[in-house]
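The values are calculated or read from the model by the stated rules, or taken from the named source; none is laboratory data. For clarity, every value in this text was computed on a predicted model and none was experimentally measured. So basically every Cβ, Gly included, is an ideal-geometry build from the backbone, and we count neighbours across all protein chains shown. SASA here: full protein model, heavy atoms, side chains in, ligands and nucleic acids out. Shrake-Rupley method; radii C 1.70, N 1.55, O 1.52, S 1.80 Å.
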Amino acid sequence: MKLTFTDDVTAERITALVATVIGVLVGVLTMKAGAGIGNVAGAAFLAYVITVIGIACKVPLQLSRVVVATGKGALITAVVTAIVLIGIWRGIKGLA
């Protein structure tokens, strides 16, 4: 059996990716606003949960599979997003 890219893409994995990216973005924006570490973590977690719940209301999901899919890619997604945002911020800061 040959496995293709589309065999691995499920609604749960897409939801996990979207929720993780939104959580990281909210965390970075909260951090840039000057919030403490607890507030940053809380805001990122709330953004993740609200995103998953919002998508789960529209698409039937197995929430346990969303959590498993998040665990596999969350660290990589968070690091790449943070690096990209820091690069964009330094680029904009250098232009001003």
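Summary table below
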| item | result |
| --- | --- |
| Candidate set: segment 1-29, residues that are within 19 Å of Gly71 (Cα to Cα) and surrounded by fewer than 12 Cβ atoms within 10 Å (Cβ to Cβ); chosen: the one modelled with the highest pLDDT | Val9 |
| Search result, residues across segment 27-39 that are among the β-branched types (Val, Ile, Thr) and under 14 Å from Val79 (Cα atoms) | Val28 |
| Selection within segment 24-42 - among the small types (Gly, Ala, Ser) and either over 14 Å from Trp89 (Cα atoms) or not in a loop (DSSP other than H, G, I, E, B) (or both) | Gly27, Gly34, Ala35, Gly36, Gly38, Ala41, Gly42 |
| Number of the condition not met by Val59 [criteria: (1) open to solvent by 80 Å² or more (accessible area, probe 1.4 Å); (2) at pLDDT 80 or above] | (1) |
| Filter result for Lys32 (surrounded by fewer than 19 Cβ atoms within 10 Å (Cβ to Cβ), at negative phi, among the basic types (Lys, Arg) and at pLDDT below 85) | no |
| Subset of segment 34-69 [among the hydrophobic types (A, V, I, L, M, F, W, C) and within 13 Å of Glu12 (Cβ to Cβ)] | Val52, Ile55, Ala56, Val59, Leu61, Leu63, Val66, Val67, Val68, Ala69 |
